[in-house]
Amino acid sequence: MNIHEYQAKALLREYGVAVPEGRVAFSAQEAADAARALPGPVWVVKSQIHAGGRGAGRFSNDPDGKGGVRVVKSVDDVRENAQKMLASVLVTKQTGPAGKEVKRLYIEEGCDIARELYLGMLVDRATSRITIMASTEGGMEIEEVAHRTPEKILKVAIDPATGLQPFHTRQIAFGLGLSGKQVGAASKFITALYRAFVDLDASIVEVNPLVVTGSGDVIALDAKLNFDDNALYRHPDIEKLRDEEEEDPAEIEAAKHGLNYVKLDGNIGCMVNGAGLAMATMDIIKLYGGEPANFLDVGGGATQERVATAFKLILRDPKVRGILVNIFGGIMRCDVIAQGVVAAAREVDLRVPLVVRLAGTNVDAGREILRTSGLTIIPAENLADAADKIVSAVAQGVAK
Ligand code: GDP
Ligand code: MN
């Protein structure tokens, strides 16, 4: 789960991570009031969306060509910029071309930036450890840095048995070229951030830029926190920070029905039981030259109702030109699944080609149900046959 920058900063502040003073605002008036409550004389007006690259982003309707993070010098300017930014659509490298409507702003006190650094923490599956990443190349996209100048990223893996030690934080501070009182400030910052990371069951925390100020303080100018969904039950307060307007409505709907759905960019909808089989299905679609429109695991107990919901979710995506159902009847019987597929296909008035591959218990009975359903369901013998058939059916449909 993702939260907004202002929420992340409020959480981190509780752990003693240094962040600038700021207030959230939902209207231009609130933005001006927030600015008045902060010392000034410089304020930063920051768009709150669940995507990075805001500073370099542009508003799709905005003629002034300014980005989603603006440094201004008066309360009037805060109000004026807030007015322009709210309800406008911000397009950044991470939002995709459609952009995201800005509904909240964060008004922060300005800060005297001497250096912009990068600091991130994540759970590294390869080492099964929390890995701290630091770089002198702050303010830039870390993926870019990793690609062009990987030697500029310092990685430190933390042994979970002993946790973060002072030598770790010094190694990072010196690696970032800090000296004098900055070393102590950075060590304190990293220690507090690590504690927050572990305590909050975060999966990623990214501070980009981490700033060294003119007076040698080390503070988070930006903060991105991601949480492990499987640990959210331990953090009801974090769960409350969820902003559903920032999430994909189809993914929210799917979660309500116990379906595991992730939207992708292709045009072949996939309905599969089991995450591993779903991945294999996506792989084989690609192998046959197609592009999956989604990952969808309907789970072990694929009832008719669940299958119908899954169909509806898939069809909500206007890009979908065909559906591949790939179900292995293990505990579930294929005839029951076939009945579910037929009923669901009728219910949603399916108008795109549907290829169904069934295997497992009662497979012959299942295929018979599909064959005599009166629906134009294309049966498939195996995974390769299924992929081949859906890719060509979609290609023919697109060519028409
Ligand atoms: P992002 O573009 O979505 O990652 O948003 P950031 O919060 O990182 O802001 C983008 C850039 O705006 C930063 O890299 C800074 O250079 C600049 N910025 C943010 N806050 C301040 C501030 O308080 N003062 C100044 N001068 N610049 C800031
Ligand atoms: Mn940033």
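What to note about this one:
- Exclusive hit being of a type in the set (Ser, Thr, Tyr), under 20 Å from residue 252 (Cβ atoms) and in the same structural domain as residue 376 (by TED's automatic domain parsing), set 303, 281, 309: 309
- Every residue from the stretch 1-29 that is touching a Lys or Arg at 6+ places or on another chain (Cβ under 8 Å) and assigned to a helix (DSSP H, G or I): 5, 6, 8, 28, 29
- Summed over the stretch 96-134, the residues that are of a type in the set (Val, Ile, Thr), within 26 Å of residue 200 (Cα to Cα) and touching a residue at least 40 places away in the same chain (Cβ under 8 Å) give a count of 4.
- Residue match in the stretch 361-381 (condition: under 19 Å from residue 275 (Cα atoms) and in contact (Cβ under 8 Å) with a residue 24 or more places away in the chain): no
- Count of residues meeting criterion [out of contact with any Leu (no Cβ under 7 Å at 6 or more places or on another chain), free of Cβ contacts under 8 Å to residues at least 40 places away in the same chain and within 21 Å of residue 207 (Cβ to Cβ)] in the stretch 21-54: 0
- The listed residue being within 13 Å of ligand 1 (Cβ to nearest atom) and among the hydrophobic types (A, V, I, L, M, F, W, C), out of 75, 24, 19: 19
Yes or no, residue by residue, for (1) over 24 Å from residue 397 (Cα atoms); (2) at pLDDT below 95; (3) not polar (S, T, N, Q):
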{"site": "284", "(1), (2), (3)": "no, no, yes"}
{"site": "306", "(1), (2), (3)": "yes, yes, yes"}
{"site": "311", "(1), (2), (3)": "no, yes, yes"}
{"site": "316", "(1), (2), (3)": "no, yes, yes"}
{"site": "333", "(1), (2), (3)": "yes, yes, yes"}
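- Summed over the stretch 303-330, the residues that are more than 26 Å from the chain's Cα centre (by Cα), under 19 Å from residue 257 (Cβ atoms) and surrounded by fewer than 24 Cβ atoms within 10 Å (Cβ to Cβ) give a count of 4.
- Strands (runs of 3 or more DSSP E) wholly inside the stretch 224-296 containing at least 1 residues that are more than 15 Å from the chain's Cα centre (by Cα): 268-272
- Only one of the listed residues (196, 192, 220) is within 28 Å of the chain's Cα centre (by Cα), modelled with pLDDT of 95 or more, within 16 Å of ligand 2 (Cβ to nearest atom) and closer than 27 Å to residue 52 by Cα. That residue is 220.
The values are calculated or read from the model by the stated rules, or taken from the named source; none is laboratory data. What you are looking at is a predicted structure, and each value in this text was computed from that prediction instead of being measured. Please note: Cβ atoms are built from the backbone with ideal geometry, for glycine as well, and neighbour counts cover all protein chains shown.
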